[in-house]
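The values are calculated or read from the model by the stated rules, or taken from the named source; none is laboratory data. Being a predicted model, the structure only gives us computed values, none of them experimental. Note that we place each Cβ from the backbone using ideal geometry, even for glycine, and neighbour counts take in every protein chain shown. For accessibility, only protein heavy atoms count, side chains too; no ligands or nucleic acids. Shrake-Rupley method; radii C 1.70, N 1.55, O 1.52, S 1.80 Å.
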Amino acid sequence: MSMAADAFVSQMAAAEPWPENAILFQPLKGEQILLSDNASCLAVQAFLRMCNLPVQVICRANAEYMSPSGKAPFIHVGNHVVSELGPIVQFAKAKGHSLTDGLDEVQKAEMKAYTELVNNMLLTAELYIQWCDDSTSAKITRSRYGSPYPWPLNHILAYQKQWEIRRKMKAIGWAGKTIKQVHEDVDRCCQALSQRLGSQPYFFTQQPTELDALVFGHLFTILTTQLTNDALGEKVKNYENLIKFCRRIEQNYFEEQDRESALSSASGYSRGSSTK
């Protein structure tokens, strides 16, 4: 998209307030969604909750094919369809919702560097483990990916996706890595994140940014996803401040907001009942 087109989209987005009926589309939660997609979807949900922007999550078997970028998740807001965390952050910013207004230029540059680190290391590791580790791809990935579709389409789509990811891994120099080397890369990434976080509640300020949403999405998903063994999750568990970080965001932006939403709904129902 050209700069002029970007500016036009930003102007169009800014002209409309965030609606109450915004929708986030993602793959089927129980039987289909994979580690990497689950992490990306959770990161977007965390970001929107941090911005206090309402969104309804809808699961679709063909969410990947519905997405304009071919990647989950994507949001449908008014007349706009936007996919992946980065563009969604920019779309929200155009509507006046930003988590980085308090950062200076040096901090924004540093945040961008850590965002690239997470995407280049954690996301790539997740994709490698899903599709390039023979045990995981045979026991988990291919069956989950193809689960919504009938035979033989389920096998065709799964092997097609595996070929696509393995070609990508070859292009970026990951195809020759062993699973042990991938786990070591994850450990180094976690070490860098742990050092940057330190004893702070969030990475840059007392309030979260989209980096916090991104890191939470990946780490929480790694910690809570069952794979063929626990080696990946154990790398994260070595860093106590990252575990506390994940728990903090889960409590503040998922458990607490869901509790408040439930209380609000109950209060509304009670008030409605009393007028009858």
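Figures for the structure shown
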| quantity | calculated |
| --- | --- |
| Pairwise Cα inverse-distance average, inverted: Kirkwood Rh of segment 104-237 (Å) | 16.2 Å |
| Dipole-positive endmost among Y145, L48, I172 within the chain (Cβ charges, Cα centre) | Y145 |
| Probe 1.4 Å, accessible area per residue of segment 58-214, Å² | 50 Å² |
| On Cα atoms only, tilt of 153-171 relative to the major axis of the chain in degrees | 80 degrees |
| Convex hull volume per residue in cubic angstrom - Cα atoms of the chain | 166 Å³ |
| Charged-residue dipole, Cβ positions (Lys, Arg, Asp, Glu), the chain about Cα centre, Debye nearest 20 | 560 debye |
| The chain: relative contact order in percent, alpha carbon pairs under 8 Å with at least 6 residues between | 22 percent |
| Calculated FRET efficiency for the pair D101/F254, C-beta based, R₀ 22 Å, to 0.05 | 0.40 |
| Lysine pair count for segment 46-159 [Cα-Cα under 26 Å; pairs on different chains or 8 or more apart] | 9 |
| Positive-pole candidate from L35, P73, V89, dipole of segment 24-100, charges at beta carbon | V89 |
| Phi to ³J(HN,Hα) by Karplus 6.51 cos²θ - 1.76 cosθ + 1.60 over segment 141-147, Hz, x for Gly, Pro | 5, 5, 5, 5, 4, x, 4 |
| Extended-chain gain in nm, criterion 0.36 nm per residue less alpha-carbon gap, A192 and N79 | 36.7 nm |
